[in-house]
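Below is one structure, written out as structure tokens, with a few remarks after it.
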Amino acid sequence: MTRQKMQTAALESARNGQALTNYPAIFSGFIAKGIPETDIKPRDNILTFHAWRALGRSVRKGEHGVKIITFIPCSKTVKDAAGKETEESFRRPWTTTVFHISQTEARP
């Protein structure tokens, strides 16, 4: 997967995710960093490193984000007793870091 495709996929999943389970961690993490609650808008101005890159922004050096857990789609090929191969799809947990727009800057 090329870097551009990876960044586009990261932006797509960040914008279109359905789970709200990370919202408490996002709000508490960024409030602890001094960002007002009214300025915290997940999926709008809180995105992953690669999602910001897809939008033409980069995270400033030395910035620390908030760790969250997300689920990524996976698949594997399984053989049954008869030797027939089938593809199983599943989701597994993955830890990622999100950053507020104030921690980023526009790339030239």
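Results, tabulated for the structure shown:
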read-out: Accessible surface, the range 1-85, averaged per residue in Å² (probe 1.4 Å); value: 69 Å²
read-out: Charge tally in the Cβ shell below 11 Å around Thr86, where Lys, Arg are +1 and Asp, Glu are -1, Thr86 excluded; value: -1
read-out: Acute angle (nearest 10 degrees) that the helix 23-32 long axis makes with the longest principal axis of the chain, alpha-carbon atoms; value: 30 degrees
read-out: Highest-fluctuation residue, Gly34, Gly83, Gly56 considered, GNM on the chain with Cα pairs under 10 Å; value: Gly83
read-out: 222 nm mean residue ellipticity, helices alone, for the chain (DSSP H n ≥ 4; -39,500 (n - 2.57); rounded to 500); value: -8000 deg cm²/dmol
read-out: Apportionment of accessible area to carbon and sulfur, the chain, percent (1.4 Å); value: 55 percent
read-out: The chain: most fluctuating residue of Lys79, Lys33, Lys67 per GNM, C-alpha cutoff 10 Å; value: Lys79
read-out: DSSP-defined antiparallel bridges as percent of all bridges, the chain, nearest 5; value: 95 percent
read-out: Charge context of Gln4, other residues only, Cβ under 13 angstrom, K/R +1, D/E -1; value: +2
read-out: For Arg57, distant residues with modelled amide H under 5 Å away; value: Arg107
read-out: Where labels lie 7 Å past Cα in the beta-carbon direction, separation of Phe71 and Lys84 in nm; value: 2.7 nm
read-out: Between helix 3-16 and the chain: long-axis angle, C-alpha atoms, 0 to 90°, nearest 10; value: 80 degrees
read-out: Positive minus negative residues near Thr97 (Lys, Arg vs Asp, Glu; Cβ under 11 Å); value: 0
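The values are calculated or read from the model by the stated rules, or taken from the named source; none is laboratory data. Because the structure is a prediction, the values reported are computed rather than measured. Every residue, glycine as well, gets a Cβ built from its backbone with ideal geometry; the counts of neighbours run over all protein chains shown. Accessible surface areas use protein heavy atoms only, side chains included; no ligands, DNA or RNA. Shrake-Rupley method; radii C 1.70, N 1.55, O 1.52, S 1.80 Å.
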